[in-house]
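Colleague: After the structure tokens below, expect a handful of questions from me.
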Amino acid sequence: MDLPQTPDSNPVNYIDEEDFIALEIPHEVNGERLDKILAGYLPDYSRNRLKSWVEAGAVTVDGKVTKVRHLLRGGESIKVYPQEMPEQFAFNPEDIPLDVVYEDDSIIVVNKPPGLVVHPAAGNWTGTLLNGLLFRYPELKQLPRAGIVHRLDKDTSGLMVVARTAHAQTGLVRQLQERTVGRRYLAWVWGDAPSQGRVLATVGRDQRDRLKMAAGSAQGKPAATVFRRLAKGQFETASLALLECRLETGRTHQIRVHLESLGFPLLGDPVYRKKTPGAAKLLPFGRQALHAYALSLEHPVTHETMTWFKLPPEDIDDLLPSIGMSQEDLPKEEALMASIKNDHRE
């Protein structure tokens, strides 16, 4: 059987050429729109899904691909070829390169590059960290979210831990809930930031823009971020600073929202930009300058305290000279280990 063709003559990728729903339209429907008739005949499918099938060329009227608003004259033969929706591919393994910093039988520590989405969702059903993990570690398909216990924003780089067993996942989630997982970030911000500080402000959905988060929201959850300044810099006439941030909670966009609320938005942040200087338009950096450089936790099986350290990726290395900084301004692994030991003593 010949497959129907889309308007640009490219074959549609069907589930099965022989798998279609045949509808014989009575003459009484003369003048009715195709989308309305499909919704009436196929109530098990949403109108949006049916519309997407028509637009993809997966619905034919008398053997021809047509449009959603096509008016039927009555008496037509319609074939509907059900299509897999993007979310059905969300948990498929994909050969995506992963920078695995550590692995054993219980946990995996990954250095996530900027631009990689952690978990499939609307707009990013494939090409995520989860898809790559399932390819490299097939056993993760038995675990909720393929063992992922926390996330980083798409354009934030750095260290993440993933569970490899149900026991390990339970242990890691418990540590995250008890706030005993140590997570440290490097954040490059606009403004003359103080030498240190602590932000204690709820983080919740912005009531005016549901795609954003906001600090101090009455409906938000408690959140705390501790920071210290590691270096000062300058771009054009604008002051900036490198901060080390330590999370006491883990809310969505927490560091970005908290620092912006103080008047120190991150370099390159496309969303949280209040008090961003005009010089920002001249800075060639296309993502928020945020890197999760250190991760510390208790191994869920051996109970050993383990710490991983990873310097920022190449795009931030390239940025440093233009903002009056260098590798010498970045934290050293030895100093980090000593700092973390002090944290555990407190």
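The values are calculated or read from the model by the stated rules, or taken from the named source; none is laboratory data. Remember, predicted model here, so these are calculated numbers, not experimental data. Every residue, glycine as well, gets a Cβ built from its backbone with ideal geometry; the counts of neighbours run over all protein chains shown. Surface areas here come from the heavy atoms of the whole protein model, side chains and all, with no ligands, DNA or RNA. Shrake-Rupley method; radii C 1.70, N 1.55, O 1.52, S 1.80 Å.
Colleague: Suppose we filter segment 192-215 for residues that are modelled with pLDDT of 95 or more and within 18 Å of the chain's Cα centre (by Cα); how many remain?
Modeller: Final tally of qualifying residues: 0.
Colleague: I'd like the residue in segment 105-137 that is part of a strand (DSSP E or B) and either at pLDDT below 95 or within 14 Å of the chain's Cα centre (by Cα) (or both) and, out of all such residues, is nearest to residue 286 (Cα to Cα). I'd like the intermediate steps shown before the answer.
Modeller: Filtering segment 105-137 for residues part of a strand (DSSP E or B) gives 107-112, 121, 124.
If we keep only those that are either at pLDDT below 95 or within 14 Å of the chain's Cα centre (by Cα) (or both) too, we end up with 112, 121, 124.
Values: 112: 17, 121: 22, 124: 19 Å.
Step by step, filter segment 105-137, then rank; the result is 112.
Colleague: Restricting segment 51-69 to residues that are without any contact (Cβ under 8 Å) to a residue 60 or more places away in the chain, hydrophobic (A, V, I, L, M, F, W, C) and more than 15 Å from residue 25 (Cβ to Cβ), which is most open to solvent (accessible area, probe 1.4 Å)?
Modeller: Per the criteria, the residue is 56.
Colleague: Go through (1) polar (S, T, N, Q); (2) surrounded by fewer than 23 Cβ atoms within 10 Å (Cβ to Cβ); (3) farther than 15 Å from residue 90 by Cβ one by one and return the number of the condition residue 157 breaks.
Modeller: All conditions pass for residue 157, except number (2).
Colleague: Starting from segment 217-233, keep only residues that are of a type in the set (A, V, I, L, M), then list their pairs with residues that are surrounded by fewer than 17 Cβ atoms within 10 Å (Cβ to Cβ) and assigned to a strand (DSSP E or B) whose Cβ atoms are within a distance under 7 Å, requiring at least 6 positions of separation or different chains.
Modeller: If the second residue must be surrounded by fewer than 17 Cβ atoms within 10 Å (Cβ to Cβ) and assigned to a strand (DSSP E or B), the pairs left are 224/198; 224/200; 226/198.
Colleague: Which residues, taken from segment 312-339, are within 27 Å of the chain's Cα centre (by Cα), surrounded by fewer than 16 Cβ atoms within 10 Å (Cβ to Cβ) and among the aliphatic types (A, V, I, L, M)?
Modeller: Filtering segment 312-339 down to residues within 27 Å of the chain's Cα centre (by Cα) leaves 312-320, 330-331.
From what is left, the residues that are surrounded by fewer than 16 Cβ atoms within 10 Å (Cβ to Cβ) are 314, 317-318.
Within segment 312-339, no residue meets the criteria.
Colleague: Separate question: Take the residues in segment 102-135 that are open to solvent by 50 Å² or more (accessible area, probe 1.4 Å) and in contact with a strand residue (DSSP E or B) (Cβ under 8 Å, 6 or more places away or on another chain), then tell me which one is farthest from residue 317 (Cα to Cα). Talk me through it step by step, then tell me what you get.
Modeller: Taking segment 102-135 and keeping what is open to solvent by 50 Å² or more (accessible area, probe 1.4 Å), we get 102-103, 105, 113, 122-126, 135.
Subsequent filtering for residues that are in contact with a strand residue (DSSP E or B) (Cβ under 8 Å, 6 or more places away or on another chain) retains 102-103, 113.
On the way: 102: 23, 103: 27, 113: 14 Å.
Applying the filter and picking the extreme gives 103.
Colleague: Can you pull out the residues in segment 149-180 that are out of contact with any helix residue (DSSP H, G or I) (no Cβ under 9 Å at 6 or more places or on another chain), at negative phi and in a strand (DSSP E or B)?
Modeller: Selection gives 159 alone.
Colleague: Let me ask another. Looking at 264, 285, which one is over 20 Å from residue 101 (Cβ atoms), in contact (Cβ under 8 Å) with a residue 60 or more places away in the chain and not small (Gly, Ala, Ser)? Write out each step before concluding.
Modeller: Values: 285 fails: in contact (Cβ under 8 Å) with a residue 60 or more places away in the chain.
Of 264, 285, the one residue that is over 20 Å from residue 101 (Cβ atoms), in contact (Cβ under 8 Å) with a residue 60 or more places away in the chain and not small (Gly, Ala, Ser) is 264.
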